[in-house]
1. Taking each pair of distinct Cα atoms in the stretch 80-189 once, what is the resulting Kirkwood hydrodynamic radius in Å?
2. Quick one: divide the alpha-carbon radius of gyration of the stretch 7-112 by 2.2 N^0.38 Å and tell me what you get.
3. Counting Lys and Arg as +1 and Asp and Glu as -1, what is the net charge of the other residues whose Cβ lies under 14 Å from the Cβ of residue 89?
4. May I ask you to give the solvent-accessible area per residue for the stretch 51-127, in square angstrom, as obtained with a 1.4 angstrom probe?
5. If ligands, DNA and RNA are left out, what is the accessible area of residue 43 with a 1.4 Å probe, given in Å² to the nearest 10?
6. Could you work out the relative contact order of the stretch 136-182? I mean the mean sequence separation of Cα pairs under 8 Å and 6+ apart, divided by the number of residues, in percent.
7. Which residue fluctuates the most in the chain, going by a Gaussian network model with Cα springs under 10 Å, if the choices are 142, 184, 129?
8. Can you pull the accessible area of residue 109 for me, 1.4 Å probe, Å² to the nearest 10?
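The values are calculated or read from the model by the stated rules, or taken from the named source; none is laboratory data. Please read these numbers as outputs of a predicted model, since none were measured by experiment. Heads up, the Cβs are rebuilt from the backbone with ideal geometry, glycines too, and the neighbour counts pull from every protein chain shown. We work out accessible area using only protein heavy atoms, side chains counted, and drop any ligands, DNA or RNA first. Shrake-Rupley method; radii C 1.70, N 1.55, O 1.52, S 1.80 Å.
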Amino acid sequence: MVGPAAGTLLGLLDSAVNHVPALLGEVGKARAERGGWSQAAEFASLILDAGWAWAATAVLAGRLVSRPASAAAGMSAGALAGGLVLVFATVGYYGADVLFDGGTWWSPTTRYWLVGSVLLGPPLGVVGALIRCRGPIAAVAALVVPAGAALQMALLPPPPESRMAEPVRWSVWVAAVVATVSVARGIRRRGARSPRENMRAGCDTR
């Protein structure tokens, strides 16, 4: 249930914050001139609309479902959870859009993102499962989301006409740095465990 629940919540929340300006009657205003609630929703929207945020949810789901499993079983469960997260997020997002805006749910855009979810969700879930390993594999897996977030902010920054563009950029950069430092410290602590302890945690160290 981790994948469907997390995915549905992500999709519904993303669609909801995108529609806050419309609900407040501020769609006709320039983005920089909207009120406080719309600005707060814009901040959340720029985070939730980002590809790295959806990828992070799939990675987190893979990490959670792999906890009690062996290496092979954990990666299989992670792949399933990652795929379900993105599929249900897409379904929830476009389903909520239909409730807010009307129209047809089964559109070419929906099909496009469903295919992308099926293709990208499982590998991201496996990345989450691999975080439980020790050594270079775990380090690389744990850095996928921070690196992806930082890269997206560098190559595809938020639109400059938004007052929230710079706060979002700095927030993501700071979060990426903090996450990278935390990963480094966690990998160092995990490296001190014995191979038997690490295997009990769900990762083959051979």
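1. Evaluated on the stretch 80-189, it is 16.2 Å.
2. Dividing the Cα Rg of the stretch 7-112 by 2.2 N^0.38 Å gives 1.28.
3. Value of the local net charge: -3.
4. Per residue, the stretch 51-127 has 50 Å² of solvent-accessible surface.
5. 70
6. After rounding, I find 44 percent.
7. Result for the chain, Cα springs under 10 Å: 184 fluctuates most.
8. The accessible area of residue 109 comes to roughly 70 Å².
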